[in-house]
Protein chains: 2
Amino acid sequence: MNLSIAEENYVKSIYKLQEGDAVVTTNALAYELETKPASVTDMAKKLKEKKLIDYEKYKGITLSSEGRRVALQIIRRHRLWECFLVDKLAFSWEEIHELAEELEHVRSEKLISRLSDYLGNPVIDPHGDPIPDAHGKMAKPRPQTSLDQANARRLVVTAVTDQSTALLAFLNAKNIKLGTQLEVIAHYEYDNSIEIKLKQHPAITISEQVARNIMVRPV
Amino acid sequence: MNLSIAEENYVKSIYKLQEGDAVVTTNALAYELETKPASVTDMAKKLKEKKLIDYEKYKGITLSSEGRRVALQIIRRHRLWECFLVDKLAFSWEEIHELAEELEHVRSEKLISRLSDYLGNPVIDPHGDPIPDAHGKMAKPRPQTSLDQANARRLVVTAVTDQSTALLAFLNAKNIKLGTQLEVIAHYEYDNSIEIKLKQHPAITISEQVARNIMVRPV
DNA sequence: AATATTATTTAGACAAATCTAAATAATAAA
DNA sequence: TTTATTATTTAGATTTGTCTAAATAATATT
Ligand SMILES: [Mn+2]
Ligand SMILES: [Mn+2]
Ligand SMILES: [Mn+2]
Ligand SMILES: [Mn+2]
C-alpha cells in the first residue's frame, strides 16, 4: 500500500494520541496535526477505506493492526534519523525533530536497515524514546515517572515527553539532558514548582509545567 | 521562496536539459520528467510567475539566474546524499539515484552543510559528477570525452552520463567503476563496438551505446 | 505556396488535501 | 427533560498537479 506523506503523518499522530487503546477524537487529532476538524473527518474516511483505522461517524478513531504496523515503521524511521542527526552530524536534540519529520517519509527498507546498522542499531532516540526494530518491536521503556511525581530524591533523566524546541532549549540552558543526574531539594506547594540540584551547578527551581515533561527514574 | 517537490524536480530537470544555454522544449522536459507536455505547459506558467524561468509561448524554457541558483542547490543536496549513501551506508552506485531523488527535497541549509562537512566536503559524487558548493560553485570538470570518441589508448573512467540502474548494473558486472583504468584494443567499424581490456581481466567488447555513456580521460 | 506533420497550448476534468460556513449529533446544564 | 453547549460531519469551494482530447502554431514536405 502506497501512502502519501499526509496519510503517514495522520497515522503517526493517531498512534501517538492513542497511547495504548484510547479512542482518538477528531478535535484532538486536528489540534495535534495543526489542521481543522473538517479535514480530519475527510482523511478519516480515506484511512478507513485503506483499512488503516477503525472509524465510525461520531465514534472516534483507532488504528487497525495494519495501521499500527505502518505507524511503527514511520516512528522507526523518524527516530533513527534523529539518532543520525545527533550522533553523526552533531545536531542538538531540539533541532532534530523537524528535520526527522521530513526524513521519515523516505520509504526504503534497505535505507533504514543500513542506517540502523551504521548507527549501531540504537534502541532509544536522543529524546529517550524507544526505537522499534524492523518488525515493529520496541524495548519496553524502563519504569519511569514524570519529575513532578517522582518519590525518590536522587533521579536520572530518561526522556522528555514534550519535544517542542522551546522546552528542549530551556533544558539545554539549564544543562539538563538525557542521563543527567539530579537531586530533588524541595517541592513548593504554592505553585507546585520543584527545586533541584545538578552536580557542579547551583540549585534551580523549575515550574510544574517543565517538571511534568521530564521523565526520570531513581538512580 | 517556498517550492514544492514537483517544482524542484522541474527546475532540476530544466537545468539538466539546458546544458549551458540551450532552450528546453516542452516535449523534452515532459519526456525527462515522465509526464505529459500539457502538464509541462501548466507548470511553465507557474515557474515563470515565480520568476524561476524565462518562458514565452512556443519559444521554450530557460532558467532565470534565480532558477539556476535554486537548481544548483538541489543538485548539491542530491549529490551529497549520494556520497553519503555510498561512503557511509555502503550502497552501490546504481541504487542511490532514486533515494537521493527523495532526500534532495529535505530543505535545510544547516543539514546540508553539516552533511557536507561530515563527508569531508567532497567535490564529486559517486557517478563522477561535480558537487556545487554552498554558493553554487562547481569544480569545472576535467576535460573528458565519451569512450567512443577517445583517441588515447590508455584511459581512466571519470563519469557516466546515463545513471539508469540498467547501465550501472552492467558496468558493475564488467567491473567498471569510477577510476577504473582500461586499454582500448580495437574499434569495430561494423557496429561501432569497442574492445577494451581491464587489468587482471580478459578483454571484453562493449556496444556503442555503452561506450557513449562512459566518460574517460587519458591516464 | 499549399499541405502535411509535429510541437505546443488550451479547455475541461479529476484526485488529493485542505478550508469555511452551515447542519447535525452528542453531551452537559438547567 | 428541555435547552444550551460542544463536537463532529457535510456541503461546497480552493489549490496543486496531473490528465485527455481538441485546437492552434510552428515546421517540414511536396
Ligand atoms: Mn512527517
Ligand atoms: Mn525523538
Ligand atoms: Mn527529486
Ligand atoms: Mn549522481
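Inside region B:61-94, residues that are of a type outside the set (Phe, Trp, Tyr), in contact with a helix residue (DSSP H, G or I) (Cβ under 8 Å, 6 or more places away or on another chain) and farther than 26 Å from B:Asn2 by Cβ make up a count of 7.
Here B:Val106 meets each of (1) more than 16 Å from ligand 1 (Cβ to nearest atom); (2) part of a loop (DSSP other than H, G, I, E, B); (3) closer than 23 Å to A:His97 by Cβ; (4) in contact (Cβ under 8 Å) with a residue 24 or more places away in the chain with one exception, condition (1). Number of residues in region B:66-93 that are within 11 Å of ligand 4 (Cβ to nearest atom), closer than 15 Å to B:Ile112 by Cβ and of a type in the set (Phe, Trp, Tyr) equals 1.
Between A:Leu147, A:Leu111, the distinction of being surrounded by 15 or more Cβ atoms within 10 Å (Cβ to Cβ) and within 14 Å of another protein chain (Cβ to nearest Cβ) belongs to A:Leu111 only.
Only one of A:Lys36, A:Lys50 is more than 24 Å from B:Lys110 (Cβ to Cβ), of a type in the set (D, E, K, R) and exposed (fewer than 15 other Cβ atoms within 10 Å of the Cβ); which? Among A:Lys36, A:Lys50, only A:Lys36 is more than 24 Å from B:Lys110 (Cβ to Cβ), of a type in the set (D, E, K, R) and exposed (fewer than 15 other Cβ atoms within 10 Å of the Cβ).
As a summary of the residue check, A:Ser193 satisfies the conditions (1) loosely packed, with under 14 Cβ neighbours inside 10 Å; (2) of a type in the set (Ser, Thr, Tyr); (3) more than 18 Å from A:Gly128 (Cα to Cα) except for the one numbered (1).
Beta carbons closer than 8 Å, at least 6 apart along the sequence or on distinct chains, pair a first residue in region A:48-77 that is touching a residue at least 60 places away in the same chain (Cβ under 8 Å) with a second that is of a type in the set (Lys, Arg) and surrounded by 14 or more Cβ atoms within 10 Å (Cβ to Cβ) for A:Ala71/A:Lys12; A:Ile74/A:Lys12; A:Ile75/A:Lys12.
Please work out which residue is nearest to DNA strand C (Cβ to nearest atom), limiting yourself to region A:4-38 and to residues that are part of a loop (DSSP other than H, G, I, E, B) and closer than 16 Å to A:Tyr55 by Cβ. Steps first, answer last, please.
So in region A:4-38, the residues part of a loop (DSSP other than H, G, I, E, B) come out as A:4, A:19-23, A:25, A:33-36.
Next cut, closer than 16 Å to A:Tyr55 by Cβ only: A:21-23, A:25, A:33.
On the way: A:Asp21: 17, A:Ala22: 14, A:Val23: 10, A:Thr25: 10, A:Leu33: 7 Å.
Once the filter is applied, the top-ranked residue is A:Leu33.
Looking only at residues in region B:72-85 that are within 11 Å of another protein chain (Cβ to nearest Cβ) and more than 10 Å from A:Val106 (Cβ to Cβ), the one that is surrounded by the most Cβ atoms within 10 Å (Cβ to Cβ) is B:Phe84.
Read-outs throughout are calculated quantities, based only on the coordinates presented, and are distinct from any laboratory measurement. Bear in mind that the values here come from a model prediction, so they are computed numbers and not experimental data. Neighbour counts run over all protein chains shown; Cβ positions are idealised from the backbone, glycine included.
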